[in-house]
1. Enumerate the lysines that residue 63 could reach by cross-link, defined here as Cα to Cα under 28 Å, with residues fewer than 8 away along the same chain left out.
2. Rank-order 109-120, 125-136 by packing density, defined as the average count of other C-beta atoms within 10 Å over each peptide's residues, highest first.
3. When N is the residue count of the range 90-196, what does its C-alpha Rg come to as a fraction of 2.2 N^0.38 Å?
4. Can you sort 61, 144, 149 from fewest to most other Cβ atoms within 10 Å of each residue's own Cβ?
5. Go through 18-30, 64-76, 198-210, 214-226 and give me the packing order, highest mean Cβ count within 10 Å leading.
6. Starting from 0.36 nm per residue, how many nanometres of slack lie between residue 145 and residue 63 once their C-alpha separation is accounted for?
7. Just need log10 I(q)/I(0) for the chain at q = 0.08, 0.13, 0.14, 0.16 Å⁻¹, Debye formula, equal scatterers on the alpha-carbon atoms, no solvent, rounded to two decimals.
8. For residue 214 and residue 157 in one chain, what is 0.36 nm times their gap in residues minus the Cα-Cα distance, to one decimal in nm?
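Here, each number is a calculation from the coordinates, and none is a lab measurement. Worth saying up front: this structure is predicted, and the values here are computed from it rather than measured. Methodologically, a virtual Cβ is constructed for each residue, glycine included, from the backbone with ideal geometry; neighbour enumeration extends over all protein chains shown.
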Amino acid sequence: MAEPRYELHYWPTPNGHKVTLFLEEAGLPYELVPVNIRKGDQFRPEFLRIAPNNRMPALVDRKTGQSLFESGAILLYLAETHGLFLPGEPAGRWETIQWLFWQMAGLGPMMGQAGHFRVYAPEPIPYAITRYTGESLRLLAVLDRRLADRPFVAGEAYTIADMAAFPWAKLGARIAGEEAAGSFPHLDAWVARISDRPATARAYAIADRPEYQAGDMTEEERQRLFHQSAATVRSGSA
């Protein structure tokens, strides 16, 4: 049996889900390589060779030898390589790409910070919670307004813009608080549409596999995840 074309270095986070959504929708063969970010796998030398920012996901295309890090770059590479989930005509292509970049620059980072200060910070910092929760809600409102007159982010077709935004938007109330629950009807309908896709179910089922069960976070794991610095980069370890 031929070796799968793609090697995906992955952990079941919103950014990891983006890539499995594409691969499952496209029916492309791939091999998963777990990157347990709790245990520090992201600092292993072999991982840093393909992901110098010590963040997953990362992808290796065994056919071309190309490796990539950053989930948005991976989605764009897969879309262009296979001619899928990215319109070919210029207007649709750029509509999709701008919303992909919107997610990468805004929705993901802001919701990530909101989640950190609401859930993981050792003590509550009211300004940080208000700032990042408010900006997350603003971005969710932008997405809700965008979806008021179209089924998907870039228009009539499901694209990489949807795959990028869905894993974060799906977590709305969990990350941005109860104000997000029921406040965005168009977004909620879009989340339901994508959740109902068989490929979405397959992508998210990966998280249930034994190798991705991490349990409660220990203090050592918390330090490893949230207390990195320039010294960490220089030392090449957690």
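1. List returned: 18.
2. 109-120, 125-136
3. Working: Rg = 14.0 Å, N = 107, 2.2 N^0.38 = 13.0 Å.
Relative to the 2.2 N^0.38 Å estimate, the range 90-196 comes out at 1.07.
4. Placing the least packed residue first, the sequence is 149, 61, 144.
5. For the peptides 18-30, 64-76, 198-210, 214-226, the packing ranking is 18-30, 64-76, 198-210, 214-226.
6. 25.4 nm
7. Per q value, in the given order, log10 I(q)/I(0) is -0.31, -0.84, -0.98, -1.27.
8. On the way: separation 57, 0.36 × 57 = 20.52 nm, distance 3.57 nm.
Length gained between residue 214 and residue 157: 16.9 nm.
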